[in-house]
Structure formats: C-alpha cells, structure tokens
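Notes to accompany the following structure.
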Amino acid sequence: MTLRMRVGQFMAYFFRSLLWSINLLLVLYTCLAYWLLYSLQVEHWSASMVMITLPVAWVLNFVVVCLWLTARPWRSWLSGIVLLIGLILFGSRTFVWHRPTEVSGKAKPVKVFSYNVQSFDLTSSWDLYQSSPRVRRTMNYVLRYDAPIKCFQEFYNSTTIPDYNLVKRFREAGYKYTAFLFPEMALANDGDIGVAVFSKHPILQSGREAFGPQNGIVWANIKMGNDTIRIINVHLHSMGIRVSKVLKQKEMKGVQRETRGVLSALHNGFTDRREEVIKVERCIRESPYPVIVTGDHNDTPYSVVYERLRRTLPNSFEEAGRGFGFTYNHLPGFIRIDHQFHDPKFTPLNFETINYVKYSDHYPIVGTYLLK
C-alpha cells in the first residue's frame, strides 16, 4: 500500500469521525430543544434562544442525513429518527394543509383581519407630505378588505391630511366602533395609535395596557347578534432580528457590532415577551366571553410565548391554515410571528396568510370562525 493511499484512507477516516462527532452533538442539541419546548420547564431567555433555532437544527440534521447516505448509509438513522420525532411533536405548527370549510344554513361566521401596517410608512416626512402612491394603496387595501373586525399593530393616523385621516375614513366606511392603545393620538395632527381594533359591530366594553411606545394589548367585548365575544389584539416586544443590517456591513467590525446588537435585542425581547404573555393570559382568563387572540406576537411557533398561548387556546393556523404560513416580509423571511388563537367554543373555518400583499414588513392574517 502506497503512502498516498494510506494518507487518503486516514483523511477519509478523520472526516467521517469528525462528521459523526458533529452529528452526535447536533442530535443532543436538537433533543435539548425538543425537551425545552415540549416540557416548558425552563423559560429563561437562554432556553428561548435554543428553542428559536430548532428549524435551523432540523435543516442541519437533514444535511447530515444526506451526507451519510452518500458515505455510510447506516449512520443516517440517528438524525433521521430525530427528524421523525420533530415531525410528530411539532409538525402541525410548522406545516399544515387544510381546506376552507363552507358554512351551510343561517350560520354567520366571524372574520377577524389582523395586520401590522408598519405605520403605513407615514413616519417618513416624504411619504406623509408627498402623498406616496404606495401608502395610498396600503390604506385603500385595509379599508376595502371585507371583514367586520379589523385589528392593527403600529397603526398611524394624521388629522392634518384628509387622505391619511384613517380613523375618520374607517368610521365613514362603517367601522363606527373602535378601541385604541393610545386613543388620544387619534385626535393628534400626527399620531402613533399603535394597537387598534375597528368593528362594525357594537363594542360594549374595552381595555388597554401599554408595554411601550407602540407595544401593548387592546381588548374589546363585541356584540354580534345574540352573542358577545372578546377580541384581544396584541403587539408584543420586537424580536430584534435585523439580518439585513448585518449583511450590509462591509467590514468585520461592522458585522460584529450589528451581530452584538441583534443578540442583545433578542435577549431583551425574550425577557420582555415572557412578562407580556402573562398579561395576555390574564386577559384571557378574566374574559366572561369566548376569546380570539390576534396580532403581532413577535415570536415563532418554537418559543415560550407561543407554547404558553397554545396550551391556553388552540392555534388557528394549526387547525385551519395552509402551507408554512410565514408572516414576516423581511429577512430572514421564513418565520411566522403573527398568530391567532381561539376559544374552543369557536370552530375555525379558514385561516389565511395573505402573502401577496407586501406593503408592510408583515403579511396580513385572516381567521374565519363559527361560534358553536
């Protein structure tokens, strides 16, 4: 046997051993994420960091399976089993395919539209005073969409420009009943209302609690015929993922600075949302009426926030959605952070992510329900 052959065999053995070692570490990491998410024993921000990377771990396990199939097929079983376990435990919150349910008879469904409109970009003086066509298209879309209950996050209003006086325009369109996080801003020249609920049906009672300049919770008890339901519209603390800022950096120092900023924002976000979801749960428990929770939760299906709410109420996407349901319109793009949860007294007929509407950095979501 020549020296070249021996060196080649040694290198092949070394890389196979290295890949197997990496495979074992990856499997242990993935199983840790499974345990943290499934048991919810640890809600520390570091545990949330592990949970949120679960889809990345799945992709890496799939890559490892493909690599072993080309070299040592019998070793592909380990990551293969881990992926199968993930599909069983978390498949429904990742990908589903349900057909919309048609309603027969005189039953009247409840349709709830929710959209983070990114302030309609009206915080930009150019868009505000130059009457941007894109801004007008966004406004016309949210006004004309056919849903009796509309919930918004980062809602902006201007009383100085008639076209941008959206509160007035919504009322003229039939949405006479409102509940705002910052109602005083509806009368301001340029006002960040934040979280907003518009309804064509009477709002009997409402409440609000701010978590920050734009984040918070608004709930409204809405009378619909002989029934009353509670809509809870939430906008939790931002995830802090700004991948585009990292990628735009041309120097390593800039990359390091932006990466530290992302990690710091993730840490703060996990901590803040953990406290905020407790307040959402309290609002659900105290409701005397069937509840629908909607809004921008700023957390993926692999998080403390999502798991806690999922244990309280069924998730509408999982029961009536289609596809992956990604709701974020910026990098990284493949995440679902806008959700709807519903009381078991509701039957979800359809849930849609309107991913062809790209006016904002979020896509609108719409749930259609039938009250049992």
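Rule-based calculations on the coordinates, nothing more; no lab input. Since we're looking at a predicted model, the values are computed, not measured. Neighbour counts run over all protein chains shown; Cβ positions are idealised from the backbone, glycine included.
Can you pull the three principal axis extents for the Cα set of the chain, in Å, largest first?
The Cα atoms of the chain stretch 88, 51, 34 Å along the principal axes, largest first.
Could you give me the ³J(HN,Hα) list for the range 200-216, computed from phi with Karplus coefficients 6.51, -1.76, 1.60 and θ = phi - 60°, whole Hz, x at Gly and Pro?
7, 9, x, 9, 6, 7, 8, x, 8, 8, 8, 9, x, x, 10, 7, x
Just grab the label-to-label distance for Leu25 and Tyr38, each label 7 Å out from Cα along the Cβ direction, in nm (one decimal).
2.4
Specify whether the C-alpha gyration tensor of the range 131-202 places it in the rounded, prolate or oblate class, a ≥ b ≥ c being the square roots of the eigenvalues: rounded for a/c under 1.5, otherwise prolate if a/b is larger than b/c and oblate if not. Present the calculation step by step, with values, prior to reporting the outcome.
Numbers: a/c = 1.62, a/b = 1.11, b/c = 1.46.
Judged from the Cα gyration tensor, the range 131-202 comes out oblate (a/c at least 1.5, b/c at or above a/b).
Between Lys223 and Lys106, 0.36 nm times their residue separation minus their Cα-Cα distance comes to what? Mind showing how you got there, number by number?
Numbers: separation 117, 0.36 × 117 = 42.12 nm, distance 1.79 nm.
Computed gain between Lys223 and Lys106 is 40.3 nm.
Could you give each residue of the range 192-199 its phi-based ³J(HN,Hα) in whole Hz, using Karplus coefficients 6.51, -1.76, 1.60 with θ = phi - 60°, and x for Gly or Pro?
3J(HN,Hα) across the range 192-199, in whole Hz: 7, 6, x, 7, 9, 10, 10, 9.
If amide hydrogens are placed 1.01 Å from N in the peptide plane, which non-local residues have theirs closer than 5 Å to the one on Asp299?
Hits under the 5 Å cutoff: none.
Roughly how big is the chain's charge dipole about its Cα centre, with Cβ charges of +1 (Lys, Arg) and -1 (Asp, Glu), in debye to the nearest 20? Could you put the intermediate results ahead of the total?
Working: 43 positive and 29 negative charges, 189 e Å.
Using only the charged Cβ atoms, the result is roughly 900 debye.
Put +1 on the Cβ of each Lys and Arg and -1 on the Cβ of each Asp and Glu in the chain; which of His330, Val195, Gln214 then has its Cα farthest toward the positive end of the dipole?
With unit charges placed on the Cβ atoms, the residue in question is His330.
Can you tell me how the range 266-363 classifies by the Cα gyration tensor, rounded, prolate or oblate, using a/c under 1.5 as the rounded cut? Working shown, then result.
Details: a/c = 2.10, a/b = 1.17, b/c = 1.80.
Here the range 266-363 falls in the oblate category.
Report the gain in length on full extension from Arg311 to Ala71: 0.36 nm times residue separation, minus Cα-Cα distance, nm rounded to one decimal.
Details: separation 240, 0.36 × 240 = 86.40 nm, distance 4.26 nm.
Difference between extended and current length: 82.1 nm.
From zero up to wherever the largest Cα-Cα distance of the range 313-354 sits, split into 5 Å bins and tell me the percent of pairs in each.
Distribution as computed: 6, 24, 31, 18, 13, 6, 2, 0 percent.
With the calculation restricted to Cα positions, what are the radius of gyration and Dmax of the range 87-210 in angstrom?
Using the Cα atoms of the range 87-210, the pair Rg, Dmax is 17.3, 54 Å.
With labels modelled as points extended 7 Å from the Cα through the Cβ direction, what inter-label distance (nm, one decimal) is found for Leu84 paired with Gln205?
Distance between the two pseudo-spin positions: 5.3 nm.
Taking only Cα atoms, what is the 0 to 90° angle, nearest 10, from helix 133-144's long axis to the longest principal axis of the chain?
With both axes taken from Cα atoms, the answer is about 70 degrees.
Taking only DSSP H segments of four or more residues, each worth -39500 (n - 2.57), what value at 222 nm results for the chain once the sum is divided by all its residues, to the nearest 500 deg cm²/dmol? Intermediate values should be presented prior to the final figure.
On the way: 11 runs with 154 residues, N = 372.
Helix-only estimate at 222 nm: -13500 deg cm²/dmol.
Please give the length that would be gained between Arg322 and Arg99 if that part of the chain were fully extended, namely 0.36 nm times their separation in residues minus their C-alpha to C-alpha distance (nm, one decimal). Could you put the intermediate results ahead of the total?
Details: separation 223, 0.36 × 223 = 80.28 nm, distance 0.77 nm.
Gain on extension, Arg322 to Arg99, equals 79.5 nm.
Put +1 on the Cβ of every Lys and Arg and -1 on every Asp and Glu Cβ in the chain; which of Ile232, Tyr306, Val59 then has its Cα farthest towards the positive end of the dipole?
Val59
Angle, helix 3-39 long axis vs. longest principal axis of the chain, Cα atoms, 0 to 90°, nearest 10?
It works out to around 30 degrees.
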